[in-house]
Each structure stands twice: as structure tokens, then as C-alpha cells.
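To start, the structure itself, in C-alpha cells.
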Amino acid sequence: MADPTLIPNGYVLPGQPHPLLAPDANPGYAALRAAYEEVGRRIRASGAELLLIYSTGWPSVIGHQIQALERPEWVHVDQEWHELGEIPYTFRMDAEFAHAYRRAATSRGLHARTVSYHGFPIDTGTVTALKLINPDNALKACVVSCNMYADRGETLVLGKAARDAIEALGRRTVPIGITALSNRYHTEPVPFADDRIQSQKDDDWNRKLLEFLGEGRLEDVSQLAREFALQANGDSKLKALWWLAALMGQTNNYRGDVLAYRPVYGTGAAVVELTPGASSALDKEFDEEDVEVYGGDRNVLTGHDGPPGGSASVAPAPPAAPQSPPLTGRAPRETRPIRRDAPFTEAIRVAARDGAPAPVGAYPHARRVGDFLYLSGVGPRQAGTDAIPGGPVRDADGEALNYDVAAQTRAALANVRTVLEAAGSSMERVIDVTSFLIDMDRDFSAYNQVYAEVFGAIQPTRTTLAIQALPTPIAIEFKVVALTGDAAAS
Amino acid sequence: MSAGAILAGVLAPHPPHLVYADNPPQNEPYAECGWEELRWGYERLRKSIASRGVPDVLIVHSPHWRTNSGHHFLGVDHFAGLSVDPVFPNLFRFHYDLEVDVELAQAIHDEAAAAGLQTKMMTNPSFRVDYGTITACHLVRPEWDIPIVCISASRAYYLFSNEVGDAQMIALGQATARAVADSGKNAVLLASNSLSHRHFTVEPSLPEDMSKEHVYHHGQYLWDMRLLELMRQGKSREIVDILPDYTEQTVSETKEGSLSWLLGALDFPTYPAEVHAYGSVIGTGNAIVEWNPQHG
């Protein structure tokens, strides 16, 4: 669980503007507004310094975005409920935290960027929440987007990165997930005064979820999210609960307080407080993946069949560009499964078309022994061309050349990833690395920095050696040991 | 008054990258180049439409004006302001100034309501027009010299299934066609859907670096080609039949209903469509396709 002195409590808030703009249109909207205001009082009493918001109303498609404009100002009109009027706002954003969050997310393998543009459209859920719980702008805020395509693993990592940033800066932070519960709207016009949850089924599921949250069972809800989304069309797959659970700590040890649950145009709107503490519920055993580092692969190829009735087969994504191949967040690559009847040991060779440079001697790219995978030395040469990103260390006459060891390191680690994945393993399963440098004094610092970007969060053991030369005009080579198949790295 | 007509029906995708790469004076960021195949496709489309005269109005169905409480219509004569794309703010910060044909918008609204659809006019003058509308309209008519009608993408029925969502959009399209006919105006209809819609999980540091651009994977490409081939053969009914599956398999923006709306408005054309261009934008498939009812 997160340090309660840094994260005193967390909240789930709804995303519709009715409690702010039309509290008198339905007693439920007024009840939600009162709950928001109570949340504001509790947050002020907690001594929090920062409101950290994940809002399903701010979708992103490539990685995640983090608001970093210090004083956004606008007159907001909701895309859906424009007849309810304007919401003029000026907010105080914590740009320092936004940048720290981006760095933390990046170091965990996520693609993330800060945004700082006048006129940026802050979403209705965030605007409503900040207006009601922080009306005097006493606290700074930070907002992170909800990636439309992110799965549970990616969202968990995003939550853990938030905790990294909170701990790094020592900010006393209240995390807030802005999300509806069931998210089906009325398909016929319904006056606000007659609002209700869209169906009995959705209402039943909402109440079950809130029963769990009321008992402080945050991790149980996080693991229930997929089923809830399926059954009740949960808002954005209920990703906000994944994020919140990962940030606060994946346990059921909270005190839950459901301050309000009401319909807003058919959707389920709830205000919930979670405070770290003892719980009567036992922690549920994990039955879903728990991820520390994002590997850039949403496995969208798995099970894909192509157009019906045709002869289409799934083809892998095109090979990476030849220069400066990315180390994380690449287009998906299908990982070779390990057969249950595979021999105890086998040599593994990876074709150039799959991205691995050809060996320069009589050896395979890797050898699997049981659950262990031993890689032959891997350098930066590019498959098919033998080009060396960052340039060779000497020319054909043996004359020394200037070269970029950082680029060589990136390329070599990208080749390591290629061989690992082709052999049924991954960077996250690496347990031991031996690095060979031809010039320790010149190259160690740059190599060390790139290495940290890739392995900093994975933490395999490492040995770095200075050697006289390598067989090709390269400056660096890695010797890697990893686990394969279902074996965990830690 | 003579009857109005649909001058062209267009599948007009709205990646902000295309406006960014065009460097219009209204957009703040500046690009070197990029996505030429699609931008040149829009040029071909503009020439094709111009050969048949200047339309009186552009009617755009925009996935980035998302609503759930029915189909909304811009109902204010004039809008001006700054549109910042919440997804790609680094590429699209566009100062827009546009006119709305409120009379026609109201007429489509009324036809749709009479057909039993849930509808609403948007009459708040402080409303910010969505970037999808601006992008599609700019690429089709960069002069901004004719009014638009903008219809939101209502998703309420798609929350139940793609089939019932498409049925709603087809009914909306048929209502649109009736209102256009009664208006006496010549309209170009813009269905602003991308095709396959899987995005890369990272983007290049230079957005217009075309060496990084390709369709997300071959399966997505095959689905897109299957759909485009049906368009080229004038097999609209078959498109409607496979659209729910297509949408599911490619996470396509057709889930926002624009293509179904267009096919309904065009009364399921049996004549071939002209594919002016197909290309990818950060992995998504995009096609500029024109149906000319004069070929029907």
C-alpha cells in the first residue's frame, strides 16, 4: 500500500456537469453536488497539496498526456449538455508534478507527454470536479488522460508511475478517478426530473460494485472491472479504478465511504471515498496480471483472423525502421510460444526478416535450457544490412572513427529484445546482463544512461567489462540471460 | 423552388495531421510536409466536386462531436474561436471562423425527430466546434466560403450493439436526404470516418516523418481493402452487412456512425464510388471516397 502520509485518501467521482450546472433539476443531482462539496471539505482537512486526476472524459490514443499549463483559462461548454450553460474557469496546475509524472511514466516504459497550450479543452468531468471540490483553487491539480486502447496492464503501470512521482517529490496527494459506473444513456428523451438508471441490470451491477467499494475492497473492484464493463457498459472499461488501485496500493485494506449514488441521464454516478486502513475483507489472491513496466505490446494480433471467408492470414507488423530502433512501445511482435513438449534444450536462430543480425560465427542467437534462455553476444548491427547505428568505431583501413555509443547501445538493446521475443521471452524477464565496452572511459556514462532507461525498472544483475576489441567495428555488446515461457523474472 | 440535391457524398476522414501538414494560416503549428497521398487525394476530390459547381452547403457528420442524448445539430449562425485537438494538441491549434446553415440544420433536425429519432439543436453561442468538423470541412473547402451543417455522432445505440447503432444512423441519413431535397439546395455530405483505427502506441518525435508511417498491421489493411473494394463496386448493401464485423475487427471509427449515415442518405448507391486516396496516419487506415449521385 502507498505511504498514507503521502496519499491520505482517494476518490471516485462522476463526470457529468449536472451537479454543477443543474443541481435543482433533480434531487439526485443536488445530492451528488452535496457529496462533491463534502469531498472538498475532507480534502482540505487532510492537508493535501495536490489533486491528481485521471479522467475518462479526456481520451488519448497514443500513450498518455499530462496537463502542464500552469493557469488554464477558458469558458467551457459541454459537448452534450450545452443547454445547461457555460462554465468559466481558471485553474492552478502543478507543472512540476506533471513533468515528474511524465518522467516516471517514461521510465516505466510508457509513452507519455505533457501538454501546455492555451485553449486546451479540459474535459467536463475535470472541470466539474475542480469547480465543486476546489472552488477557491486552494490546491494545485494535475490531470492525466485516459488512453482509449490501454488495457489493464498499461493502466496499472500508469498508476504506479503516479505513485513514483508522488514519492519522488514528496507531494501529499489526493488521487481522483473521474468515471461513471454503468455508462448507458437513455435512448428516448427523459426529463431530468424523471431520471433513472438506464436498466435494472445496470443498477444491480452498480450496487454490487458500490457494496465492494463501501467495504474498502478496491483491489477486488479493480479485478472485477472487466466483468463489470462487459455487463454494465462500464465507463471506459472502468480504467479509472485500475489506475486508482495501482496508485493507492493493490489491496482491499481501505475504509470505503459511498457518499452518493444517483443516476445522471441513465448512467451511474457515484461519489466514493477510500481511506487506507484495516479492512474486514481479506485480500483476494491475484488472478490477473500485475505489471511493473509497460512493454509496448497490447497483443492485438492474438486471435485475429482477418476478413471472414477469405484466405487472409495474420502478418506481423512491418519491421522496425533501420536507424535508432525504439526500445519500448514498439508495434506488436508475436512472441514465440514455448511448446509443452519442447526438448529440454534447443538452439534458437532468428531470421534476418524477423529483425536479428546474422551471427558472425558458428553459434545460434540463443540457446534455451529448461526455463532459462542464454543469448549469444548481441551488438548493434542491423538485420540484413549490418549497418551500425551511431557509426562504426573504425573504417576499413582500421582508422579510428568518432561514433555515438548511445545510439549503438540503443540498437544493441533493440536487438536483444528481438532475440528474446523470438525465443519466447521478453525484456521484463531478463535476469542477468554482461556488458562489454571497448572504451570504458569514453563510453561508460552514455551507455549507463541508455541502459537505465531500459533496465532501470527491471533490475537484472549486471557486470560491465572493458575489452580490447569486438569482432565487428562496434563499441558495445551484451551477453544476456533470461527466463522463458511462464516463468517470472521476479 | 427546384428540389435540392446531394452533389456528392464523401467519406472524408479528419486526421488533424493533414491540416497540420497543409500549413494553413489558421493553424499555429508548422510542418515540413507529410501524408501527401491523402492530401493530394483531397485535392482530387475538390477538383471533382468543383467540376459540378459550387455546393450551397457542406453537411458533416462528425465523430468528434460525441453525444449520447440523441443527434445534435449546430444551431447558431456563426462560430469563431480556437480549436485545440485534445489528442494531438501539438499538431492542431486552429483559429476557425465559420457560418452555419441553421435553416437546413433545423430542417434535418425536424425530419429526424419526425422519424422518431432523439434530436437536439445546439444553440449555445459559446460552444466550441469540434476539431473533426473543422478538419473535414477545411480539407474539402479550405476557402471556408460556404456554410456548413454539423451533426453530432450519437453513440447511445452503439452502446448496445453495432447493428442497432447503424440502423439509427441509416434512418438519420434518410432524414437528411429528405430535408436536403425539400431545401432546394445543393449539398455535399461529409461522413468523417477513418477506416481501421488502431493507432501506434508511440509516435515519432517529428510527426511528419513518413518513414515511420504504415498501416498498423496487414490484417487491418486487408479489412480496409475489402471495404474499399465493395465501395468501388457499388455494393453498399454488402457494406452495411459487414460493417458491424468490420467495426469490431478494426476498432473502426465507423462505430461513430458517419459511414452508415452517408449510405442511408445516398439510398445505398449501386454505382461505383471513386477512391481518391488511401493512406495511413499513425497506423490508422484512411480513405477519401466520393459517391457521385449523377452516376446513379
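Has segment A:158-178 got at least one residue that is crowded, with 24+ Cβ neighbours inside 10 Å, within 12 Å of another protein chain (Cβ to nearest Cβ) and under 27 Å from A:G234 (Cα atoms)? The answer is no; no qualifying residue exists.
The residues of segment A:194-241 that are closer than 12 Å to A:N183 by Cβ and touching an Asp or Glu at 6+ places or on another chain (Cβ under 6 Å), listed by number, are A:I197, A:A232. Does A:K208 qualify as being within 14 Å of chain B (Cβ to nearest Cβ), among the basic types (K, R) and surrounded by fewer than 22 Cβ atoms within 10 Å (Cβ to Cβ)? Criteria not met by A:K208. Picking from residues in segment A:117-148 that are assigned to a loop (DSSP other than H, G, I, E, B) and within 9 Å of chain B (Cβ to nearest Cβ), the one that is nearest to the chain's Cα centre (by Cα) is A:M148. Restricting attention to segment A:57-80, the residues being surrounded by fewer than 24 Cβ atoms within 10 Å (Cβ to Cβ), at the interface with chain B (Cβ under 8 Å from one of its Cβ atoms) and under 19 Å from A:R102 (Cβ atoms) number 4.
Within the bounds of segment A:99-109, is there any residue that is at pLDDT 95 or above and either within 11 Å of chain B (Cβ to nearest Cβ) or part of a loop (DSSP other than H, G, I, E, B) (or both)? Looking through segment A:99-109, none of the residues is at pLDDT 95 or above and either within 11 Å of chain B (Cβ to nearest Cβ) or part of a loop (DSSP other than H, G, I, E, B) (or both).
Filter segment B:117-163 down to residues that are of a type in the set (D, E, K, R) and at the interface with another protein chain (Cβ under 9 Å from one of its Cβ atoms) and give me whichever is farthest from B:A105 (Cα to Cα).
Taking segment B:117-163 first, the residues of a type in the set (D, E, K, R) are B:120, B:128, B:130, B:141, B:143, B:145, B:155, B:163.
Checking the rest, the ones that are also at the interface with another protein chain (Cβ under 9 Å from one of its Cβ atoms) come to B:120, B:128, B:130, B:155.
Values: B:K120: 10, B:R128: 17, B:D130: 17, B:R155: 19 Å.
The qualifying residue farthest from B:A105 (Cα to Cα) is B:R155.
What strands (runs of 3 or more DSSP E) lie completely within segment B:1-105 and have 3 or more residues being farther than 16 Å from B:I146 by Cα and either more than 11 Å from every other protein chain (Cβ to nearest Cβ) or touching a residue at least 60 places away in the same chain (Cβ under 8 Å) (or both)?
Details: elements: B:5-11, B:57-67, B:71-74, B:78-84, B:93-99.
Answer list for segment B:1-105: B:5-11, B:57-67, B:71-74, B:93-99.
Hey, among the residues in segment A:81-97 that are more than 14 Å from every other protein chain (Cβ to nearest Cβ) and aliphatic (A, V, I, L, M), which one's nearest to A:Y29 (Cα to Cα)? Among them, the one singled out is A:M93.
Note on segment B:201-225: residues that are buried (at least 23 other Cβ atoms within 10 Å of the Cβ) and within 22 Å of the chain's Cα centre (by Cα) amount to 5. For segment B:164-183, a tally of residues being among the small types (G, A, S) and within 14 Å of chain A (Cβ to nearest Cβ) returns 3. Every condition in (1) in contact with a Phe, Trp or Tyr (Cβ under 8 Å, 6 or more places away or on another chain); (2) assigned to a loop (DSSP other than H, G, I, E, B); (3) surrounded by 24 or more Cβ atoms within 10 Å (Cβ to Cβ) is met by A:Y54 except one, and the failing one is (2). Among the residues making up segment A:183-198, those that are touching a residue at least 12 places away in the same chain (Cβ under 8 Å) and more than 10 Å from chain B (Cβ to nearest Cβ) are A:F192, A:A193, A:D195, A:R196, A:I197.
Of the residues A:A193, A:A180, A:A161, the single one that is at pLDDT 95 or above, within 24 Å of the chain's Cα centre (by Cα) and assigned to a helix (DSSP H, G or I) is A:A161. Here B:C137 qualifies as of a type in the set (A, V, I, L, M, F, W, C), assigned to a helix (DSSP H, G or I) and crowded, with 18+ Cβ neighbours inside 10 Å.
The values are calculated or read from the model by the stated rules, or taken from the named source; none is laboratory data. Everything numeric in this text was worked out from a predicted model, so none of it was measured. For neighbour counting, all protein chains shown are included, and Cβ atoms are generated from backbone atoms with ideal geometry for every residue, glycine included.
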